[in-house]
Structures are given as structure tokens and as C-alpha cells.
Amino acid sequence: MFRRVACVIAAVSCLFLGAWVVQESKPSDAGAPKAATPADGYTVHVTAPHLVNGHVMGPYHHYCKVLAPDPYIVCQIYDSADPNGTLSQIEFIIAKKLTRPAVKLNDWNRLWHDHTVEIAGGRVQVLDLPPDKAKEVADLVSTTDGIIYNFDFDGKLPNGKITMAQAVGHKPLSASEYEQSKKGTTGGPGSH
């Protein structure tokens, strides 16, 4: 009899202990901070048209995130600002001090564009910020080059092809212009 009572007590104790462990291991929704993800921080909203397969298209909605102060910026690009919009492009916006010494002229002319030229063309609009902050964003981005990957679709289905989009107004550089543009870009942090 004692053995049977001891077994029942042990079984009940295990049930209570198990229930307590399960309860303590559940994530708490109330007041718990949300874990950061790589998708967080794409908050700078910019619109600009792009040249895609030889056609001016857009304006495209860029949602950008600064990853490093060089600057090194990445933008998720959509055809519209619709919350259920489809990602259609990605743009890497990288300091000229990093791109110009590393990218060959032929590749730069074909794939990259100078944001100083694009912003001066008046087609880039920084949205959702007061005018002084929008100017700060434009001034920072004007120190960069951009490269745009365009995802191709057949109707609404992605087809697995990627083309390179280009900034409207892109101006290929001659060898001497490109060499001249490298001056002052090879220094340490803060040089442009």
C-alpha cells in the first residue's frame, strides 16, 4: 500500500513539475521586446524613376536602411507604396570612396550610377521627412554610387531572371573623368 501511495505521489509531482516547466518556457507576449530582424530599419522613403530594359519606368518607391556610415545603404524597391506591394528591385548605395577604387570603368559605366547626377536631375524625392532632414539625406546620398538589381516577372510571377536597372540621366564617364573622380575617394573614413 505504501508503495502504491508513493508511486501516485511521484506521478502527481511529475505532472505538476512538467506543467510548471512548460508554463515557464512559454514566450511572454506581454511587454516582451520584439527581437530585431534584418528587415527592420528600412524607413527612409524615396521615390525615383529608373531605366529598365531601355524604358523609363516608375517612380519606384525605395525603402532604405543605412548599414554603415561610409555610407553603405541598401534599399528595398517597390512599384508602389501599397503595404502588400511586391519587391521588384534592390539597390545598393555605396560611398564613392569604396566603389571608384574597386570598380572597373567599363563595369561602372554599364552597371553603376552617380547619385550626384541623379539627385541634381530633380527626379529623386525624399518623402516622409521635414525639408531640412530630406536635404541631409540627399546630401549624404550624393556622395555615393548606386547599383540596381531588377527582378523580372512574367505577369505576377517572378521568372528567375535579373536585369540591371539604371538611373534616369546616367552619364557614362570617360577614362580621364573616371580617374579624376577617384581623387579624394581613396582616403580613410570621411573622405569623399
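Would you point out which residue out of 107, 139, 132, 154 is closer than 18 Å to residue 69 by Cα and of a type in the set (Asp, Glu)? If you could, list the steps in order and put the result at the bottom.
On the way: 107 fails: closer than 18 Å to residue 69 by Cα; 132 fails: closer than 18 Å to residue 69 by Cα; 154 fails: closer than 18 Å to residue 69 by Cα.
So the residue among 107, 139, 132, 154 that is closer than 18 Å to residue 69 by Cα and of a type in the set (Asp, Glu) is 139.
Could you tell me whether segment 72-80 includes any residue that is free of Cβ contacts under 8 Å to residues at least 40 places away in the same chain and small (Gly, Ala, Ser)? Show your work before the answer.
Looking only at segment 72-80, we keep the residues that are free of Cβ contacts under 8 Å to residues at least 40 places away in the same chain, and these are 72, 74-76, 78-80.
Filter again for small (Gly, Ala, Ser), leaving 80.
Yes: one or more hits.
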* strands (runs of 3 or more DSSP E) within segment 82-192 that include 2 or more residues among the aliphatic types (A, V, I, L, M), within 25 Å of residue 53 (Cα to Cα) and in contact with a Pro (Cβ under 9 Å, 6 or more places away or on another chain) -> 87-95
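Being at pLDDT 95 or above, farther than 18 Å from residue 167 by Cα and within 12 Å of the chain's Cα centre (by Cα): is that true of residue 67 here? Break it down stepwise before answering.
On the way: at pLDDT 95 or above: yes; farther than 18 Å from residue 167 by Cα: yes; within 12 Å of the chain's Cα centre (by Cα): yes.
Criteria met by residue 67.
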* In segment 149-186, residue farthest from residue 104 (Cα to Cα) [restricted to those that are of a type in the set (D, E, K, R) and without any contact (Cβ under 8 Å) to a residue 12 or more places away in the chain] -> 154
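What is the residue count in segment 30-66 for residues that are part of a strand (DSSP E or B) and either within 18 Å of residue 112 (Cβ to Cβ) or among the charged types (D, E, K, R) (or both)? Explain how you work it out, then say what you get.
The initial filter retains those residues of segment 30-66 that are part of a strand (DSSP E or B), namely 44-52, 55-66.
Cutting the leftovers down to either within 18 Å of residue 112 (Cβ to Cβ) or among the charged types (D, E, K, R) (or both) gives us 46, 48-52, 60, 62, 64-65.
So the count comes out to 10.
Quick one: count up the residues across segment 145-162 that are of a type outside the set (S, T, N, Q) and either within 17 Å of the chain's Cα centre (by Cα) or surrounded by 10 or more Cβ atoms within 10 Å (Cβ to Cβ) (or both).
At the first step, the residues of segment 145-162 found to be of a type outside the set (S, T, N, Q) are 145-149, 151-158, 160-162.
Within this subset, residues satisfying the condition of being either within 17 Å of the chain's Cα centre (by Cα) or surrounded by 10 or more Cβ atoms within 10 Å (Cβ to Cβ) (or both) are 145-149, 151-153, 158, 161-162.
Summing the residues that are of a type outside the set (S, T, N, Q) and either within 17 Å of the chain's Cα centre (by Cα) or surrounded by 10 or more Cβ atoms within 10 Å (Cβ to Cβ) (or both) in segment 145-162 gives 11.
The values are calculated or read from the model by the stated rules, or taken from the named source; none is laboratory data. Since the model is a prediction, treat every value here as computed from it, not as a measurement. A quick note on method: Cβ atoms are made from the backbone with ideal geometry, for glycine too, and the neighbour counts reach across all protein chains shown.
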